[in-house]
Amino acid sequence: MVFYRPQLHYLLLDEGRFKESELADLRNLAAALFRLENSRQPQDVERVLTCLLDWLKAPEQSELRRAFTVWLRRVLLPSRLPGVELPQVLDLVEMKAMLAERVQEWTKQWQQEGLEKGLQQGLQQGLQQGQAELLVKILERKFGPLPSVYRQRILAAGPDDIWRWVDRALVAAALEQVFD
């Protein structure tokens, strides 16, 4: 039996190996695409869009402008702005205007969400640490100095384990009964 195995030759480009400084001076659509893929800040995207608008201003390039717009809206921006509702835009000019208008709003929203998430995590960690310290205090008061093995186990435990051990500590006759 003979199988057909195509012999394909292709060129592989590693877009991550190019530096912004190497690509910025090139008036090249592939370089612009790489710059967009490597962009980390909304301002970087805006800079590339400005270049694209300048390069693709001829009427016969309207389909290319639209293709970049669709790619930005469906591929690049959703990966950079997860959870953000993107309005329908049909042209690079609209895309650039939308980004300029929304970037500050999104940045404030992310900062607020990050702050709230950080506070929530901090409160949760503080509460868990307080619960662990309370259990240590209860056990030391009832059974005397706590061996470091048990202290480390308590500090590494989750809230469910700590509360189960608190309940057991109230009725246990020996320290080992709390952790069995």
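Determine whether residue 64 is in a helix (DSSP H, G or I), surrounded by 13 or more Cβ atoms within 10 Å (Cβ to Cβ), in the same structural domain as residue 26 (by TED's automatic domain parsing) and under 23 Å from the mean Cα position of the chain (by Cα).
In short, no.
Cβ-Cβ distance below 7 Å, separation of 6 or more or different chains: which pairs start in the stretch 36-64 with a residue that is closer than 19 Å to residue 75 by Cβ and end on one that is in a loop (DSSP other than H, G, I, E, B)?
Qualifying pairs under 7 Å: 45/39; 48/39; 64/56.
Which residues, taken from the stretch 68-94, are in contact with a Phe, Trp or Tyr (Cβ under 8 Å, 6 or more places away or on another chain) and either under 17 Å from residue 52 (Cα atoms) or among the charged types (D, E, K, R) (or both)?
92
Within the group 139, 72, 77, 146, which residue is of a type in the set (A, V, I, L, M, F, W, C), assigned by TED's automatic domain parsing to the domain that holds residue 48 and at pLDDT 85 or above?
Result of the check over 139, 72, 77, 146: 72.
Output the number of the condition that residue 4 fails; it satisfies all remaining conditions of (1) without any contact (Cβ under 8 Å) to a residue 40 or more places away in the chain; (2) within 16 Å of residue 93 (Cα to Cα); (3) of a type in the set (Ser, Thr, Tyr).
In the conditions (1) without any contact (Cβ under 8 Å) to a residue 40 or more places away in the chain; (2) within 16 Å of residue 93 (Cα to Cα); (3) of a type in the set (Ser, Thr, Tyr), residue 4 misses (2) alone.
Based on what the data block shows, is residue 128 in a helix (DSSP H, G or I), closer than 30 Å to residue 83 by Cβ and at pLDDT 85 or above?
Answer is yes for this residue.
List, please: which pairs have Cβ atoms under 8 Å, are six or more places apart or on different chains, and start with a residue in the stretch 9-33 that is surrounded by 10 or more Cβ atoms within 10 Å (Cβ to Cβ) and end with one that is β-branched (Val, Ile, Thr) and in a helix (DSSP H, G or I)?
Matching pairs, first to second residue: 32/48.
Are any of the residues in the stretch 116-124 modelled with pLDDT under 90 and of a type in the set (Gly, Ala, Ser)?
Yes; the residues of the stretch 116-124 include at least one that is modelled with pLDDT under 90 and of a type in the set (Gly, Ala, Ser).
Can you run down the residue pairs with Cβ atoms below 7 Å, 6 or more apart or on separate chains, where the first is in the stretch 109-124 and surrounded by fewer than 10 Cβ atoms within 10 Å (Cβ to Cβ) and the partner is modelled with pLDDT of 70 or more and of a type in the set (A, V, I, L, M, F, W, C)?
none
The values are calculated or read from the model by the stated rules, or taken from the named source; none is laboratory data. Quick caveat, the model's predicted, so the values are computed rather than measured. As a convention, Cβ positions derive from the backbone with ideal geometry for all residues, glycine included, and neighbour counts pool all protein chains shown.
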